[in-house]
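Below is one structure, written out as structure tokens, with a few remarks after it.
Only the coordinates and a few stated rules stand behind these numbers; no lab work does. On a predicted model such as this, the values are computed, not experimentally measured, just so you know. With ideal geometry, Cβ positions are generated from the backbone for all residues, glycine too; neighbour counts draw on all protein chains shown.
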Amino acid sequence: MKNLKDKVVVITGAASGIGLAAAEAFLNEGSKVVIADIDEENGYKAVKDLNQENVYFIRTDVTEETDCLNLIQETIEKYGQIDVFLNNAGIEITTPIHEMSIEEWNKLISVNLTGVFLCSKHVLKQMIKNKKGNIINTCSVGGLVAWPGIPAYNASKGGVLQLTKSLAIEYAKYNIRVNCVCPGVIDTPLNEKSFLQNNVGTLEEIKKQKSKLNPIGRLGTVKDIANAMVFLASDESSFMTGSTLTVDGGYTAI
């Protein structure tokens, strides 16, 4: 997609998993990419492994407003603009609600929902000034349907879904598009930990079992989600805002 060449793309939670795959996909399209993550070790490793000129790491805790503001300012200082912002950072806590501490609840909501608010708040100021921009939020099919065992996660992703729609309506007049991607069951390091916590058997056995949940017959890959993000960032999706792009192998169609 040639219209992504030289665009500046910022991705939170990009030191691993879906975020890292998205960074690679945008670099392959000729974009300039900023990897933002709280994990410094893997963030710098990602830059080294990608081994491309136009990739840069900024240590960012999306629950801290000063970090979110610094992410925007440092990116502007380095590249002069921000064209696309991916709110991708997220965590999962599997404690049942009746046993969950307020600290666990606040941590999950802070990363998954408040982080989207804080980063969007500050990047929107730049995009309004430029009268253009594109925000893509990583939601989840867990924001569309309830997944047992992760009620707080479901609540946080449902919030991201509604925030996406609200921002899309409010900022369309500034030529700013806001959409979200809802991944299904994806083969990521985060999900591997979740699989082993909540299921019996080897990781390979659990993955085969999880694959049967999707009519397409396999788990999603990080590249599947990255490709959807590239599409939403491109001019090919120019008439889409406030949309939910579900990439789940047919899971929610059942």
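Show which lysines lie in cross-link reach of K173 when reach means a straight Cα distance below 18 angstrom and same-chain residues fewer than eight apart are skipped.
Cα-Cα hits under 18 Å: K121, K125, K129, K131, K132, K165.
What percentages, rounded to whole numbers, describe P(r) for segment 1-59 computed over all alpha carbon pairs with 5 Å bin width beginning at zero?
Histogramming segment 1-59 at 5 Å steps yields 5, 23, 36, 23, 9, 3, 1 percent.
Cα centroids of segment 3-31 and segment 185-243: how far apart, whole angstrom?
Between the Cα centre of segment 3-31 and that of segment 185-243, the gap is 18 Å.
Need the full-extension length gain, T94 to N175, defined as separation in residues times 0.36 nm minus the C-alpha distance. One decimal, nm.
Result: 25.3 nm gained on full extension.
I want the local charge near V145. Using Cβ-Cβ distances under 15 Å, sum +1 for each Lys or Arg and -1 for each Asp or Glu among the other residues. Walk me through the numbers on the way to the answer.
Values: positive: K157; negative: D248.
Local charge sum for V145: 0.
Have a look at S110, S16, S238 and tell me which one the Gaussian network model of the chain (Cα, springs below 10 Å) gives the largest fluctuation.
Among S110, S16, S238, the largest mean-square fluctuation in the Gaussian network model of the chain belongs to S238.
Around I109, what is the net charge, scoring Lys/Arg as +1 and Asp/Glu as -1 over all other residues with Cβ under 14 Å from its Cβ? Could you put the intermediate results ahead of the total?
Working: positive: K107, K157; negative: E92, E103, E104.
Cβ neighbours under 14 Å give a net charge of -1.
Please rank E41, E64, fewest neighbouring Cβ atoms within 10 Å first, as an exposure proxy.
Working: E41 9, E64 14.
Exposure proxy ranking, most exposed first: E41, E64.
Taking the alpha-carbon centroid of each part, what is the distance from segment 160-180 to segment 59-135 in angstrom?
Result: 15 Å between the Cα centres.
I need S234, S140 ordered by Cβ neighbour count within 10 Å, fewest first. If you can, show how the numbers build up before the last one.
Values: S234 17, S140 28.
Starting with the residue having the fewest Cβ neighbours, the order is S234, S140.
When Lys and Arg each count +1 and Asp and Glu each count -1, what net charge do the other residues less than 15 Å away from H122, Cβ to Cβ, add up to?
On the way: positive: K121, K125, K129; negative: D61, E64, E65, D67, E74, E77.
For residues surrounding H122, the net value is -3.
Only helical DSSP H runs with n ≥ 4 go in: add -39500 (n - 2.57) per run for the chain, normalise by residue count and round the 222 nm mean residue ellipticity to 500 deg cm²/dmol.
On the way: 9 runs with 114 residues, N = 254.
That comes out to -14000 deg cm²/dmol.
Using a Gaussian network model of the chain whose springs link C-alpha atoms within less than 10 Å, name the residue from S31, S156, S166 with the highest mean-square fluctuation.
S166
Karplus couplings for segment 241-247 from phi (6.51 cos²θ - 1.76 cosθ + 1.60, θ = phi - 60°), rounded to Hz, Gly and Pro as x?
Computed from phi, the couplings for segment 241-247 are 8, x, 8, 10, 9, 8, 10 Hz.
Exactly which GluC sites (Glu not before Pro) in segment 85-191 are in a DSSP loop and have at most 10 other Cβ atoms within 10 Å?
Numbers: sites: E92, E99, E103, E104, E170; in loops: E92, E99.
Within segment 85-191, the qualifying GluC sites (Glu not before Pro) (loop, at most 10 other Cβ atoms within 10 Å) are E99.
With a point put 7 Å past each Cα toward its Cβ, work out how far Q52 is from L203 in nm, to one decimal.
The answer from the label model is 2.6 nm.
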